[in-house]
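A.B. asks: A single structure is presented below for examination.
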Amino acid sequence: MNKDTGADYLSPWPLSDCIDGGGVGVVVDTKYEAFSRGDMVTSFNWRWKTEDVVDTSSLQKLDPSLVDGHLSHFLGAVGITGLTALLGVREKGHVTPGANQTMVVSGAAGACGSLAGQIGRLDGCSRVVGICGTDEKCKVLVSELGFTEAINYKQEDVASQLKKACPDGVDVYFDNVGGPISDTVISQMNEGSHVILCGQVSQYNKDLPYPPPLTPSTQELLLTKNITRERFTVLNYMDKYECSILQLSQWVKAGKLKALETVVKGIQNMGVAFHSMMKGGNIGKQIVQVTEEHGH
């Protein structure tokens, strides 16, 4: 929404144009041979309308069987969000089964964080600790998603709770938030550990480059403890999308990966949904259901 998004792969929304985002829909009519009426399709540049005429170059055909007909999962667990979590953990996390590793996830009840923690566990971490902003979210992380423990950063002292939850220090940190929470986690990371730099949501409205600079003391820790913190952009791993989507689909169908969603109905409520998400009102992926689903 800023004039300069700070990301080369995102252009700002122009004033007075219809805004776009990730969407899923059904083809009601087409002149292209590659598509048929009734096909389910998705796009990153989906204009927020109930019906739209689009150029097929931006569309990707979907196989509803990958999500057992639960189409919104293509925007979350079996889409770009799931890919970000899976490839983030696998490309930058260096999780080794049987190595007794501890993973910490910030923004842990959000769309990406809630998947990343589960994937850390599925890939072999022995402890997964989530940091989030309400007691309800903490409960969901532990009782529904299999996190070992969860910390409410708005109510608890993160440093002391983290020490209790991670007695052997932190080996992998899936970072969605940046800022003081990340400084606290990094201060408890082990020698040769890894930060998965997925997002820095606490810093986005500040006039800073991405990724935002760390405090001198945190930067010093990274160097002395040889902690990796490389920028992670899922778009750099397109060659791995296909097999990763199949893995995510398999896990979701088998009930090993729980895909949580907060659904708001009606295009007229998109602003309400966005506002709620920015205040942390969502658990899992924030979805807006624009029209009744076509027989799914």
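A.B. asks: Among the residues of segment 4-18, are any closer than 28 Å to ASN205 by Cβ and in contact with a His (Cβ under 8 Å, 6 or more places away or on another chain)? Reasoning before the result, please.
C.D. replies: Looking only at segment 4-18, we keep the residues that are closer than 28 Å to ASN205 by Cβ, and these are 4-18.
Filter once more, keeping what is in contact with a His (Cβ under 8 Å, 6 or more places away or on another chain): none.
There is no residue in segment 4-18 that is closer than 28 Å to ASN205 by Cβ and in contact with a His (Cβ under 8 Å, 6 or more places away or on another chain).
A.B. asks: Sort out which residues of segment 277-296 are more than 20 Å from the chain's Cα centre (by Cα) and either in a helix (DSSP H, G or I) or in contact (Cβ under 8 Å) with a residue 12 or more places away in the chain (or both), and write them in order of number. It would help to see each step written out before you state the result.
C.D. replies: First, the residues of segment 277-296 that are more than 20 Å from the chain's Cα centre (by Cα): 290-296.
Once the filter is applied, which keeps residues that are more than 20 Å from the chain's Cα centre (by Cα) and either in a helix (DSSP H, G or I) or in contact (Cβ under 8 Å) with a residue 12 or more places away in the chain (or both), segment 277-296 yields VAL290, THR291, GLU293, HIS294, HIS296.
A.B. asks: Related question: Quick one: how many residues across segment 240-269 are of a type in the set (Gly, Ala, Ser) and under 24 Å from VAL140 (Cα atoms)?
C.D. replies: Of the residues in that region, 4 qualify.
A.B. asks: Now a separate question. Looking at segment 210-222, can you tell me whether even one residue there is surrounded by 14 or more Cβ atoms within 10 Å (Cβ to Cβ), in contact (Cβ under 8 Å) with a residue 40 or more places away in the chain and of a type in the set (S, T, N, Q)?
C.D. replies: No, every residue in segment 210-222 fails to be surrounded by 14 or more Cβ atoms within 10 Å (Cβ to Cβ), in contact (Cβ under 8 Å) with a residue 40 or more places away in the chain and of a type in the set (S, T, N, Q).
A.B. asks: Here's something else I'd like to know. Among the numbered criteria (1) among the charged types (D, E, K, R); (2) part of a loop (DSSP other than H, G, I, E, B); (3) within 24 Å of THR233 (Cα to Cα), which single criterion is violated by GLU91?
C.D. replies: For GLU91, the exception is condition (2).
A.B. asks: Which ranges mark the helices (runs of 4 or more DSSP H) fully within segment 103-183 that have 1 or more residues being surrounded by fewer than 20 Cβ atoms within 10 Å (Cβ to Cβ) and either touching a Ser or Thr at 6+ places or on another chain (Cβ under 7 Å) or modelled with pLDDT under 95 (or both)?
C.D. replies: It comes to 158-165.
A.B. asks: Quick one: ASP63 ticks every box in (1) surrounded by 13 or more Cβ atoms within 10 Å (Cβ to Cβ); (2) under 21 Å from GLU242 (Cβ atoms) except a single one, so which number is it?
C.D. replies: Among (1) surrounded by 13 or more Cβ atoms within 10 Å (Cβ to Cβ); (2) under 21 Å from GLU242 (Cβ atoms), ASP63 violates only (1).
A.B. asks: If you scan segment 254-276, which residues turn out to be in contact with a helix residue (DSSP H, G or I) (Cβ under 8 Å, 6 or more places away or on another chain) and either farther than 23 Å from ASN176 by Cα or assigned to a helix (DSSP H, G or I) (or both)?
C.D. replies: Across segment 254-276, the qualifying residue is only VAL264.
This table checks each residue for (1) among the acidic types (Asp, Glu); (2) under 27 Å from PRO211 (Cα atoms).
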site	(1), (2)
ASP4	yes, yes
PRO12	no, yes
SER16	no, no
ASP20	yes, yes
THR30	no, no
PHE35	no, no
GLY38	no, no
TRP48	no, no
ASP55	yes, no
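A.B. asks: Among the residues of segment 3-49, count how many are in contact (Cβ under 8 Å) with a residue 12 or more places away in the chain and assigned to a loop (DSSP other than H, G, I, E, B). Break it down into steps so the answer makes sense when it comes.
C.D. replies: Here is the first cut: in segment 3-49, the ones in contact (Cβ under 8 Å) with a residue 12 or more places away in the chain are 6-7, 9, 13, 18-28, 30, 32, 34-35, 38-49.
Going one step further and asking which of them are assigned to a loop (DSSP other than H, G, I, E, B), we end up with 6-7, 9, 13, 18-19, 27-28, 30, 32, 34-35, 38-39, 48-49.
Adding up the residues that qualify gives 16.
A.B. asks: Would you mind stating whether VAL234 is surrounded by 15 or more Cβ atoms within 10 Å (Cβ to Cβ) and either out of contact with any strand residue (DSSP E or B) (no Cβ under 8 Å at 6 or more places or on another chain) or basic (Lys, Arg) (or both)?
C.D. replies: Criteria met by VAL234.
A.B. asks: Another one. Only one of ALA77, ALA85, ALA111 is touching a Lys or Arg at 6+ places or on another chain (Cβ under 8 Å) and within 15 Å of LEU141 (Cβ to Cβ); which?
C.D. replies: Only one candidate passes the filter, namely ALA111.
A.B. asks: Within segment 184-211, which residues are at pLDDT below 95 and in a helix (DSSP H, G or I)?
C.D. replies: Residues satisfying the conditions are VAL201, SER202, GLN203.
A.B. asks: Specify which of the listed residues (TYR237, TYR241) is closer than 29 Å to ASN190 by Cα and part of a helix (DSSP H, G or I).
C.D. replies: TYR237
The values are calculated or read from the model by the stated rules, or taken from the named source; none is laboratory data. All figures in this text were calculated on a predicted structure; none of them were measured in a lab. Methodologically, a virtual Cβ is constructed for each residue, glycine included, from the backbone with ideal geometry; neighbour enumeration extends over all protein chains shown.
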